[in-house]
Amino acid sequence: MLKIIMAILLSISTSIASADQKFIGYAYDLDTQELLYTEHHNYLTPTLHEVQYKEVDGELFATKTIDYKHSYFAPDFTQHNLRNGEKIDIKRKARSENDTKHKDQVQYQVQYQVQYQESSKETLQKETINYSPKLIIDAGFDHFITENWQVLSSGKEMIINYLIPSLQDYYELTIKEETCKSKSQNESQHCFSISASSFFISLFSNQLKLSYSKNSSTKNNSEDNNRENIKLMGFQGRSNISDSKGNYQDVNIIYQY
């Protein structure tokens, strides 16, 4: 049970802004600063995001595909970790036509099928969850931050329901801005902390920290233009990819565009 609960917040480290088509994340051990692996991000289309995870020697060990065609906040995605055989498959589906009981309730009109396999030695688990207005799935987290940039950067806390594939359910997370240690001269740096709203869950999960840069040299003030100039630059917390033994490491990921 402890191992499953520790999986909370793991997927947030791949929540990357989509302004650039290709970029790389370098994951370092939080304590030793040793390079552990790299993330290679590629937007094949504006709504199709592919991630390849590679060992230090360049060998591919995991893949992820994120599909935003239905939602940027709650996308479909699949992930396969070749190190231990862990598999995740999240798919959006319409409510059954036979379900007339909830036909007028928005939260029951859309459902998500959640499939999770802890390793190649474990059985595949399947569950269906109902849509929540605050539902955030995987890299949809980054889109949520950019869409709510003004609110968050003003200091207001926001609460989301973040899907945890291993638990096949969603849990409340609290997002808030915090003071950054340093700011660059040409870019405005913003830092956010993410923590579990549930006291019980918080006992088993570390606080996550994200750092963003917002280019201040925009030529106009349109909302779309502002979003394109917001980039995730760093992530500090538990990795979303386990090692060969199934353990998740605490990492510091630096993104280069």
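Every number here is computed from the coordinates shown, using simple stated rules; none is lab data. Computed from a prediction, not measured in an experiment: that's the story for all the values here. As a convention, Cβ positions derive from the backbone with ideal geometry for all residues, glycine included, and neighbour counts pool all protein chains shown.
So if each residue of separation counts as 0.36 nm, and I subtract the Cα-Cα distance between Thr63 and Leu48, what length gain in nm does that give?
Contour length minus Cα-Cα distance gives 4.1 nm.
Estimated at 0.36 nm per residue, the fully extended path between Gln150 and Lys181 surpasses their Cα-Cα distance by 9.1 nm. As a proxy for reagent exposure, Glu86, Glu34 were ordered by neighbouring Cβ count within 10 angstrom, fewest first; the result is Glu34, Glu86.
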